[in-house]
1. Go through segment 102-111 and report how many residues are assigned to a strand (DSSP E or B) and more than 24 Å from SER30 (Cβ to Cβ).
2. Answer with yes or no whether GLY16 is open to solvent by 30 Å² or more (accessible area, probe 1.4 Å) and either modelled with pLDDT of 95 or more or not in a strand (DSSP E or B) (or both).
3. Could you list all residues from segment 54-101 that are over 15 Å from GLY9 (Cβ atoms), assigned to a loop (DSSP other than H, G, I, E, B) and open to solvent by less than 50 Å² (accessible area, probe 1.4 Å)?
4. From the set of residues in segment 25-50 that are under 11 Å from LEU80 (Cβ atoms) and not aliphatic (A, V, I, L, M), which is farthest from the chain's Cα centre (by Cα)?
5. Where the second residue is of a type in the set (S, T, N, Q) and open to solvent by less than 60 Å² (accessible area, probe 1.4 Å) and the first is closer than 21 Å to GLU89 by Cα and lies in segment 28-47, which pairs have Cβ atoms under 6 Å and are six or more apart or on separate chains?
6. When you look at GLN81, is it more than 14 Å from GLN23 (Cβ to Cβ) and either in contact with a Gly (Cβ under 9 Å, 6 or more places away or on another chain) or charged (D, E, K, R) (or both), yes or no?
7. Applying the selection to segment 102-115, what residues are of a type in the set (Ser, Thr, Tyr) and open to solvent by less than 70 Å² (accessible area, probe 1.4 Å)?
Amino acid sequence: QVHMVESGGGLVQAGGSLRLSCQVSGIAFSRAAMGWYRQAPGKQRELVVVDTSGGSTNYADSVKGRFTISRDNAKNTVYLQMNSLKPEETDVYSCRAHSERWDYWGQGTQGNGSS
């Protein structure tokens, strides 16, 4: 059974930082492509960044230079460091673990209730 637990959301002022975590169990984590997505109310979910199991990353233009994805395969955890947060980035952030054969999503965490 696959479990994905996201944490780290919170309330920070514009320009502040947050680090989100997504711990996964039940999959071959080191083989998974791990991604972070976000969704604002009334909008479609959008890609923030994806980290392939081969080590390449793909960031949305809107977050380049501000957000950083990292992963710890020993802890089955992927992180999203978010710096210079903008007031409008009050989205729900979800992590995704996928491969050619499976695709799993976390429940989501409020990335920033910024003020």
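The values are calculated or read from the model by the stated rules, or taken from the named source; none is laboratory data. As the structure is a computational prediction, the values presented were derived from the model and not from experiment. Positions of Cβ are backbone-derived with ideal geometry, glycine not excepted, and every protein chain shown enters the neighbour counts. For accessibility, only protein heavy atoms count, side chains too; no ligands or nucleic acids. Shrake-Rupley method; radii C 1.70, N 1.55, O 1.52, S 1.80 Å.
1. 1
2. No: the conditions fail for GLY16.
3. Correct list: ALA60, ARG66, ASN76, SER99.
4. Looking at the filtered set, the residue picked out is ARG38.
5. Note: pairs meeting the criteria are TYR37/SER94.
6. no
7. Within segment 102-115, THR109, SER114 qualify.
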